[in-house]
1. Quick one: which of ASP79, ASP89 is at pLDDT below 90 and in contact with a Lys or Arg (Cβ under 9 Å, 6 or more places away or on another chain)?
2. On the given criteria, is LEU425 in contact (Cβ under 8 Å) with a residue 12 or more places away in the chain and either closer than 30 Å to SER230 by Cα or crowded, with 16+ Cβ neighbours inside 10 Å (or both)?
3. Determine, yes or no, whether GLY234 is in a strand (DSSP E or B), surrounded by 17 or more Cβ atoms within 10 Å (Cβ to Cβ) and small (Gly, Ala, Ser).
4. Under 7 Å between Cβ atoms, which residue pairs at least 6 apart in sequence (or on different chains) link something in the stretch 369-390 that is over 20 Å from LEU122 (Cα atoms) with a partner that is of a type in the set (Ser, Thr, Tyr)?
5. Does ASN241 satisfy being loosely packed, with under 11 Cβ neighbours inside 10 Å, touching a residue at least 40 places away in the same chain (Cβ under 8 Å) and either in a loop (DSSP other than H, G, I, E, B) or among the basic types (Lys, Arg) (or both)?
6. Could you list, in sequence order, the residues of the stretch 243-299 that are within 30 Å of VAL69 (Cα to Cα) and among the β-branched types (Val, Ile, Thr)?
7. Taking the condition closer than 19 Å to LYS392 by Cα and at pLDDT 90 or above, does PHE118 pass?
8. Looking at the stretch 161-176, which of its residues are over 23 Å from SER230 (Cβ atoms) and either hydroxyl-bearing (Ser, Thr, Tyr) or assigned to a strand (DSSP E or B) (or both)?
Amino acid sequence: MTRDEILKKITDEIKYCEGVDLKINPPYASTQLNVLDLADKYMNSRYRDSGVDDFGQPKPFYNIVSVPVEVAGKMIDLDTKDIEIKSEDNNYWAAWVMGKELQFWMKDKYFGTQLNDFSYYLPKDGHLVVKKVDDDVLVVPLMNLRFRPDAVSLKNVPIIEIHKYQSDEFIAEAEKRGWDNYKKVELSKGISDKKIDVFEAYFPFGLGKYNYFIVSYDGQVLAYADLDQSPYKGLPWKEINGRTLGKGMVEELFNEQIYLNRMATYKANGLYWTSKHIFQTRDNTVAKNLMSNIDDGEVMIVNQEIAAVPMEERNLSFYNYDETKWEENAYKRTFAREPITGGRAPSGTPLGSSILQARMAAGFYEKKKENLGNFVKEILWDWILPEFKKQKRGEHRIQIKNLLSDDNNSEKFFQMQLHDKMNKLRMKEKNNLSPEQWEIRRGINAEMLREEERVIPKGIYENLKYKLNIIITGEEIDTASKLTTLQTIFQILGSNPTILQDKRVKRVFYKMMDIAGFNPRDIDIEETPSIQESMSEAKAQVGGSIARPAAPPAVPATLQTATAL
């Protein structure tokens, strides 16, 4: 296809997106771009039209959409630590090390920040669209996209992304990306706002040999390619029949926001008049303005009495009642009530009702979080992991202390490495040391082991069989509840230290911890003694016989410490 034909295809898709009125949309925002624009303005407490009244005064904006969006973002938030890699064959520790390296890689790429953006823009805009750029995954502003707004989904429709550059920005970006023909673009013309439009277009069924183009506003083809899959992925917050994008919380509260803004304007206008002090009299000799023509303490001699004109607001209680009713309805519809927001419940609310409300809201957000988790898992499989394995394909080294954290697997990994090191040392020393000396050597070697490195062989992750897990449960438990539970566990263990010796009592106790959201094995971690602890224990041993320590378990073949994992 010629460049003019490609540009015409792009402009036709843009015109269709901007001109189609959707019946499912409200009449005051009939196109999809109108909805997105209004949602952005409401989140920033701005009116779509004029923000001032007939007297030139700013109109009040009673924002009720930002709180539900922020609450939803908190409730569905995911973190990189929630992403786990599980082995599906015997290479358990290789998969565990891969998971640790993936955590480091995502941290270097600020993927945690991108996950925070996912949890914010999804409930706000009603649809989350992301794009792979090099080895990063970025959120695409929906106002920059043009697509068929009445399609079933974004998967099988052309997608146009509009980029706006100043002249110097365009040249820098073109040189960075290696675009062709960028010197032929008319930089002096641009568009009305003195910026240059560049269209990034993806046609799933192709235009000739290629399906991906970067074209300037004047038709210069800057880049083109034939992609195996779409560079965009999307997730709706709430699917709506009859349109492509989902429905977000801001759009859900359009009517409530408009009505409460109207009530706020009525109250502001009323207060404007009730703040005035006006008087009336039939005496023509009285000054027209008591504030400017009468001195403090002056005695007035008048033919008729002066009376104040009643200006107080008589509908204030109804305004308050109506505002509370609409605001309560808005927060009910978005599950942003007091138990979730952290506010205090109204006086007289039963505790059982608050607990039930919290559970219902948590169940709603858990479903949304599960959807987001599956979407992130798709991003990891399709974009993140291939890029990660490509960068980690060669032989490389990793320090042991960087693999250690507060989880049980880290402790098990370190203990196996330490046991293997001590086994080799015992064979070399031929058990010529006393048990106390072995404990000291063990503490010294534990400190040295943390600073050692292990070699990750070339291509170890290529044929590894694994699956991805994203933890989505237990996030609704707040810090105060966790602290209370830990204090209760501490009191139980302090009052009865032998509770873990009886198998039946121990099983019940562990079940209670599991229900409360804590891993029972966290209190059974075998701590490696430090050098100081080992020497203190050795000094404390006075006389008596000490049994010969049992030989530590053999290290699996996959962890033989010949400097390789």
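The values are calculated or read from the model by the stated rules, or taken from the named source; none is laboratory data. From a predicted model like this one, the values you see are computed outputs, not experimental measurements. Counting neighbours? That spans all protein chains shown, and the Cβs are built from the backbone with ideal geometry, glycine included.
1. Numbers: ASP79 fails: in contact with a Lys or Arg (Cβ under 9 Å, 6 or more places away or on another chain).
Answer to the check: ASP89.
2. On the way: in contact (Cβ under 8 Å) with a residue 12 or more places away in the chain: yes; either closer than 30 Å to SER230 by Cα or crowded, with 16+ Cβ neighbours inside 10 Å (or both): no.
Taking the combined requirement at face value, the residue does not satisfy it.
3. Values: in a strand (DSSP E or B): yes; surrounded by 17 or more Cβ atoms within 10 Å (Cβ to Cβ): yes; small (Gly, Ala, Ser): yes.
Yes.
4. Pairs that qualify, where the first residue is over 20 Å from LEU122 (Cα atoms) and the partner is of a type in the set (Ser, Thr, Tyr), are LYS389/TYR461.
5. Numbers: loosely packed, with under 11 Cβ neighbours inside 10 Å: yes; touching a residue at least 40 places away in the same chain (Cβ under 8 Å): yes; either in a loop (DSSP other than H, G, I, E, B) or among the basic types (Lys, Arg) (or both): yes.
Answer is yes for this residue.
6. Initially, the stretch 243-299 is screened for residues within 30 Å of VAL69 (Cα to Cα), giving 243-269.
Scanning the stretch 243-299 gives THR244, VAL250, ILE258, THR265.
7. Numbers: closer than 19 Å to LYS392 by Cα: no; at pLDDT 90 or above: yes.
Spelling it out, it is not the case that PHE118 is closer than 19 Å to LYS392 by Cα and at pLDDT 90 or above.
8. TYR165, SER167 - these are the residues of the stretch 161-176 that are over 23 Å from SER230 (Cβ atoms) and either hydroxyl-bearing (Ser, Thr, Tyr) or assigned to a strand (DSSP E or B) (or both).
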